[in-house]
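Working notes for the structure below.
The values are calculated or read from the model by the stated rules, or taken from the named source; none is laboratory data. Note that the structure is a prediction, hence the values are computed from the model and not measured. Here the Cβ positions follow ideal geometry from the backbone for every residue, glycine too, while neighbour counts run over all protein chains shown. Just so you know, the surface numbers come from the protein's heavy atoms only, side chains and all, with ligands and any DNA or RNA stripped out. Shrake-Rupley method; radii C 1.70, N 1.55, O 1.52, S 1.80 Å.
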Amino acid sequence: MWTTFFAAAAGASATLAGLVIVAVSVNINRILQHPQLPARAGAAVATLILILISSMATLIPQPVTYLGFEIAFFGIICWILEVYSSRKSVAARVQLHRPWHESVLQVVFGQLQTLPFIFGGAWMLAHNPAGLYVIAFGILVIFFASTGNAWVLMVEILR
């Protein structure tokens, strides 16, 4: 049941990560002019790689507790990157007098992207395979948020 979902998520996340990396490389000079965007781009790529790693890990035959540890571990790393990106966004908002909703959206979506991997992994560490449903929610949020990040890095940056 989960095999097809995670195989599709792995392929889609690798593709979207490539798109974000290309967007960054094409617009690197403009991105570097905005103090919050390098961290945002890094967090966007990291969360897409989180999907890739988590999805690949679920396809490996292994005990649910090992899988839970792997997913929670990489989720924590990405959570730290999201917190750093959010701090940069808030600081840039204050410095550049940007609308407050930009930072709020980034903070909220940053947490919604990474916390499901940490909580889902923790559930799996507790021998509860239902943690996969929480991780699937995180994957869907990452796809939504990363599409928005790709748009900002490819199109909005040129305005």
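Within the range 94-132, the only residue that satisfies the criterion of being touching a Phe, Trp or Tyr at 6+ places or on another chain (Cβ under 8 Å) and without any contact (Cβ under 8 Å) to a residue 24 or more places away in the chain is 130. Residue 3 meets the conditions (1) hydroxyl-bearing (Ser, Thr, Tyr); (2) open to solvent by 80 Å² or more (accessible area, probe 1.4 Å); (3) in contact with an Asp or Glu (Cβ under 6 Å, 6 or more places away or on another chain) in every case but one. The failed one is (3). Look at the range 123-159 and say how many of its residues are surrounded by fewer than 21 Cβ atoms within 10 Å (Cβ to Cβ), within 20 Å of the chain's Cα centre (by Cα) and of a type in the set (S, T, N, Q). The number of residues fulfilling the criteria is 1. Could we say that residue 75 is under 11 Å from the mean Cα position of the chain (by Cα), in a helix (DSSP H, G or I) and more than 23 Å from residue 159 (Cα to Cα) here? When the stated conditions are applied, residue 75 passes them. Residues that are farther than 26 Å from residue 137 by Cβ and assigned to a helix (DSSP H, G or I) within the range 89-115 comprise 91, 92, 93, 94, 95, 96, 100, listed in sequence order. So which residues in the range 79-122 are closer than 14 Å to residue 44 by Cβ, surrounded by fewer than 17 Cβ atoms within 10 Å (Cβ to Cβ) and at pLDDT below 90, if there are any at all? 105 - this is the single residue of the range 79-122 that is closer than 14 Å to residue 44 by Cβ, surrounded by fewer than 17 Cβ atoms within 10 Å (Cβ to Cβ) and at pLDDT below 90.
From the list 15, 65, the lone residue that is over 20 Å from residue 141 (Cβ atoms) and exposed (fewer than 15 other Cβ atoms within 10 Å of the Cβ) is 65. Among all residues of the range 22-40, there is at least one that is within 26 Å of residue 97 (Cα to Cα) and either within 13 Å of the chain's Cα centre (by Cα) or hydroxyl-bearing (Ser, Thr, Tyr) (or both).
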